[in-house]
Amino acid sequence: MFEILHDHLALFLVGAWPSGPLGGVANTLILAALGLVASFPLAIGVAMAQVSPWRWLRTGAGAWTRLVRGIPLLLIIFWAYFAVPLLVGAEVSAFTTAVCAIIVYESAFLAQIVRAGLESLPRGQMESARSAGLSWLQSMRYVQLPQALTNMLPSIVNQSVSIIKATSLAYVIGVPELTYSAAQVNTITLTKPLQTFMVLAAFYFVLCFALSRFAGWLERRIARHRLGLA
Amino acid sequence: MLQFENVNKYYGTYHVLKGIDAKIGRGEVVVVCGPSGSGKSTLIRTVTRLEAIQSGRILFEGRDVVARNGNVNRLRARIGFVFQSFNLFQNLSVRQNLILGPTKVLGLSRDAAHAQAETLLAKVGLANKIDAMPANLSGGQQQRVAIARALAMKPPLMLFDEPTSALDPEMVQEVLQVMRTLADEGMTMMIVTHEMGFAREVASRVWFMDEGQLLEDAPPARFFDRPAHARAQRFLQDVLRPAPRTAALID
């Protein structure tokens, strides 16, 4: 196992780069980061729609999240693989396709987290903001969202763990990321699939475990802050 | 300044407010009292449309607050509302709590809003807490900040919905003192409270409500000494002399 890791470390970390496209862990992290950063504002929008006073917005956003959450990511990736080029009218790289699919998928899950954060705030926060004459949007922007997002920060970090694992599915449309690297290593070594995929698992585990620990640390810190100790 | 005209409200088939007709003039302090569930809080919340009404009119400065073309944000900016549970913005410091409305709604400059925040905090006796976070303040302090926050909008009318009901007994007076000062300065106020001593001392008129009806509208002297309605007499007996009844219950 260590031999595999030692012999193919570069392939695992950066793929064929610098002679070829960037891949491996680096590309996995880029995929996940892009997915998180782009789906986040979307998720906030969807979550706000879900708690908004306008019924058609609530219904639409609710239907959207239920639909997306009820479909496997793999299907969304396949679907995006064929649909995105049609929508854009041009050829689209596998990487872009994967990012789009992850954004759609994760925004629905993140929206659930943000919505839970908004709904768990005491009703009085919104009432007092509106009583000061702030519009609904202003109340959201200055009072509700800052509190909801702080409270939900650990959950959001935890969700990024799921995003990292989700990126492995980009492999099926040929995006050179970590899983793709492992498959390449497997074809090179040929006789050691078990060990190769153990190494792959270890990579994912280290990334995700570190993030989970970070989320736990954040949670404790926020709890301390709320008690006024920090 | 504020006028209820045959206001009715229902929760489903439950009739919460039954044809409320009443008026508050400029500079008046009206204390609304009555047993719990009588509709006092619901009534005060209808004024800024925190609760909808099904029929009747509520006029503030001569304008119907539930009019379809009315701007609810502009209405609320002109009416201060103090809640039972304070509801300070938990993510903002005391200072920021006091400048958010004035800067975002009234368009006051930050400097002017800051200066005003300092003056108002000094007025409620909390000048030294300007940079504190709400979570680090006692209940009484939070409620005083909440009053200052409402005053920061320079409203001609202040509404108080049981402002001392969530407070420990020793903190009630510091909040009532601030409200007393406001009354002395001529602020028009509508106050839902169980503090009968305060009502007797500060109110221009007392409204007594029971089961959604406004049963009495009288100056405090008359209300406390010679309540016209039997229900009000019983209520006063209960709140003013709780000790013997409790003793009787224990026996």
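The values are calculated or read from the model by the stated rules, or taken from the named source; none is laboratory data. Here the structure is a predicted model, which means the values were calculated and not measured. Here the Cβ is made from the backbone with ideal geometry for all residues, glycine too, and neighbour counts use every protein chain on show. Just so you know, the surface numbers come from the protein's heavy atoms only, side chains and all, with ligands and any DNA or RNA stripped out. Shrake-Rupley method; radii C 1.70, N 1.55, O 1.52, S 1.80 Å.
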*Within the group B:Arg49, B:Arg74, B:Arg45, which residue is within 25 Å of B:Leu98 (Cα to Cα), within 13 Å of another protein chain (Cβ to nearest Cβ), of a type outside the set (A, V, I, L, M, F, W, C) and assigned to a loop (DSSP other than H, G, I, E, B)?*
B:Arg49
*Does B:Gly80 satisfy being modelled with pLDDT under 95, closer than 30 Å to B:Arg200 by Cα and open to solvent by less than 50 Å² (accessible area, probe 1.4 Å)?*
no
*Could you give me the residue pairs with C-beta distances under 7 Å whose first residue belongs to the range B:95-108 and is facing chain A (nearest Cβ under 9 Å) and open to solvent by 60 Å² or more (accessible area, probe 1.4 Å), whose second residue is in a loop (DSSP other than H, G, I, E, B) and hydrophobic (A, V, I, L, M, F, W, C) wherever it lies, and which are 6+ apart or on separate chains?*
B:Lys104/A:Leu134; B:Leu106/B:Met153
*Taking the range B:11-29 on its own, how many of its residues are surrounded by 15 or more Cβ atoms within 10 Å (Cβ to Cβ) and over 11 Å from B:Gly39 (Cβ atoms)?*
5
*Name the residues in the range B:143-157 that are in contact with a strand residue (DSSP E or B) (Cβ under 8 Å, 6 or more places away or on another chain) and either of a type outside the set (A, V, I, L, M) or free of Cβ contacts under 8 Å to residues at least 40 places away in the same chain (or both), would you?*
B:Gln143, B:Pro155, B:Pro156
*Take the residues in the range A:41-73 that are among the polar types (S, T, N, Q) and open to solvent by less than 70 Å² (accessible area, probe 1.4 Å), then tell me which one is farthest from A:Leu118 (Cα to Cα).*
A:Thr65
_Against the definition (more than 28 Å from B:His194 (Cβ to Cβ), at the interface with chain A (Cβ under 9 Å from one of its Cβ atoms) and free of Cβ contacts under 8 Å to residues at least 40 places away in the same chain), how does B:Asn91 come out, yes or no?_
yes
*Among helices (runs of 4 or more DSSP H) lying entirely in the range A:92-197, which contain 1 or more residues that are touching a His at 6+ places or on another chain (Cβ under 9 Å), hydroxyl-bearing (Ser, Thr, Tyr) and open to solvent by 60 Å² or more (accessible area, probe 1.4 Å)?*
A:145-166
*Can you tell me which residue among A:Leu5, A:Leu11 is under 20 Å from A:Ile173 (Cβ atoms) and in contact (Cβ under 8 Å) with a residue 24 or more places away in the chain?*
A:Leu11
*Does B:Ala117 satisfy being away from chain A (no Cβ under 12 Å) and surrounded by fewer than 20 Cβ atoms within 10 Å (Cβ to Cβ)?*
no
*Please tell me if B:Phe81 is outside any loop (DSSP other than H, G, I, E, B) and within 14 Å of another protein chain (Cβ to nearest Cβ).*
yes
*When only residues in the range B:193-237 that are among the acidic types (Asp, Glu) and part of a loop (DSSP other than H, G, I, E, B) count, which is most open to solvent (accessible area, probe 1.4 Å)?*
B:Glu211
_Where the second residue is among the aromatic types (Phe, Trp, Tyr) and the first is over 18 Å from A:Val46 (Cα atoms) and lies in the range A:67-82, which pairs have Cβ atoms under 7 Å and are six or more apart or on separate chains?_
A:Leu73/A:Tyr105; A:Ile76/A:Tyr105
